[in-house]
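These notes concern the structure reproduced below.
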Amino acid sequence: MKIKKVETFIVGNPPPHYGGRYFILIKVTSNNIIGWGECYAPPFHPRVVKKMIQDVSERFVIGSDPYKIENLFRNVYSTGYNQRPDISLMGILSGLEIACWDIIGKDLNKPVYELLGGQVREKLRSYTYLYPRNTDKKNVYKDPDLAAERALEYAEEGFTAVKFDPVGPYTIYDPRQLSLSALSLSEQFVSKIRKAVGYKCDILFGTHGQMTSSSAVRLAKKIEPYDPLWFEEPVPPDNIDAMALVALKTSIPIATGERLSTKYEFSKVIEKKAASIIQFNLGRVGGILEAKKISAIAEANGIQIAPHLYCGPIVAAANIQIATCVPNFLILECIYKLDGFYAEILKKPIQWKDGFVIPSKEPGLGLEIDEKIINKYPYEEKELHLQASNKIIDF
């Protein structure tokens, strides 16, 4: 088989933009088989990313065999005498690699998970952030009572875990020492949500590296009595030693990984005992095979996998493939129930039922994109997928 064509679609995600402002989707064609991939949030405008995808594709993908996954990884990873984790390059590689797996699965008429060790789970436990609604009179991210009410609603719909981030904005000047009011608000969120859902629903405390290690330890001590399932990325991802220090000083499991890529970065996290839950994003980590390798390293060290999702349905489908075939899977991130725009751009929506995602038995990634729909939503704004605030927060 030979890859004949690579196309990139920058899809604007309509308001309320849950999952990001846009999705970067890649369509790869080989022997009349179409494979879909997705890149997660390279730190450039998607118009630039589209040109980067074209460059990598022309040098390493067009004319190559989609089955040669290892060769694809080594060629792209080593390009320009690089050979180090680079989130932009790995995001592009991830999208292309995922598309190749989709082609391979379709060519063999098998789901990708059956080609990576076989199905382990028939259904996958899922969680979602607490999201605002148009009818809300208060901000669910700032009001602990409304957050508790929303968490209970989600629990009654079937979710057995909910995530929220009440710490405050993440900024270009982080990490910082949280104020007493920020610490108090976080504790109120956790205590009121725990009281609302009892012990039928896990609490996932999300942050985005806003804190110094000492501030993270202070916060952990305040929320420990409410037994969260995890404390996510309490310090910036570039300081593994600081994260390891937080892990050492709290009983709450530390989760991290959405801003990391490749087995090389994750192996350092594992070696330093900085986290006990790994949250790679399939659109950044280096692709499906790289995620499988990281999962194996984690398994050998008693660490679980909780794939990250804040992008489009192709990464969601890739996450499902990995989660279905690894024994150390913990829980799957969803954008609510993977409905709304997620379902609209798919010819057949991902199946969510009673708090669980049901893996598709269709070949490849198990989904197909409706190109008529994605072409109706071009992204024409200037903002990036995500952007940290430039405001200094002193107190």
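Here, each number is a calculation from the coordinates, and none is a lab measurement. Quick caveat: nothing in here was measured; it's all calculated off a predicted structure. For neighbour counting, all protein chains shown are included, and Cβ atoms are generated from backbone atoms with ideal geometry for every residue, glycine included.
As a length-normalised measure over Cα pairs under 8 Å and 6 or more apart, the relative contact order of segment 3-110 settles at 32 percent.
Our coupling estimate for segment 298-315, obtained by passing each phi through the Karplus curve with A = 6.51, B = -1.76, C = 1.60 and θ = phi - 60°, is 4, 4, 5, 10, x, 10, 9, 10, 9, x, 7, 9, 8, 7, x, x, 5, 4 Hz, Gly and Pro reported as x. If you wrap the tightest convex hull around every Cα atom of segment 113-210 and split its volume per residue, you get 160 Å³. With each label modelled as a point 7 angstrom along the Cα→C-beta vector, the ASP241-GLU224 pair spans 2.4 nm. Cross-link pairs exceeding 31 Å between alpha carbons, from the set LYS106/LYS163; LYS2/LYS272; LYS51/LYS293; LYS50/LYS106: LYS106/LYS163; LYS2/LYS272. Subtracting the Cα-Cα distance of ALA296 and GLU70 from 0.36 nm times their residue separation leaves 79.7 nm of extension gain. Of the peptides 74-86, 103-115, 7-19, the order by per-residue mean of other Cβ atoms within 10 Å, starting with the highest, comes out as 103-115, 7-19, 74-86. Net charge dipole, segment 38-118: roughly 240 debye, given to the nearest 20, about the Cα centre with Cβ charges of +1 for Lys and Arg and -1 for Asp and Glu. Between the entries (1) 35, 27, 17; (2) 33, 22, 21; (3) 31, 27, 19, the label attached to semi-axes √(5λ) of the Cα gyration tensor in Å calculated for this structure is (2).
Checking the a/c ratio against 1.5 first, then a/b against b/c, what shape does the Cα gyration tensor give for segment 266-395?
Judged from the Cα gyration tensor, segment 266-395 comes out oblate (a/c at least 1.5, b/c at or above a/b).
In this rough spin-label picture, where each label sits 7 Å from Cα along the Cβ direction, the ILE358-ASP136 distance is 3.0 nm.
Here the relative contact order of the chain, from alpha carbon pairs under 8 Å that lie six or more residues apart, stands at 22 percent. When only alpha carbons are used to place a centre, segment 339-388 and segment 142-162 end up 24 Å from one another. Computed 3J(HN,Hα) for segment 243-256, one whole-Hz value per residue from the Karplus formula 6.51 cos²θ - 1.76 cosθ + 1.60 where θ = phi - 60°, is 5, 4, 5, 4, 4, 5, 9, 9, 7, 6, x, 8, 10, 7, glycine and proline marked x. Here the contact order of segment 237-395, divided by its residue count and restricted to Cα pairs under 8 Å and six or more residues apart, works out to 15 percent.
Where does the Debye-calculated log10 I(q)/I(0) of segment 3-110 sit at q = 0.11, 0.12 Å⁻¹, using only Cα point scatterers of equal weight, no solvent? Evaluating at q = 0.11, 0.12 Å⁻¹ gives log10 I(q)/I(0) of -0.33, -0.39.
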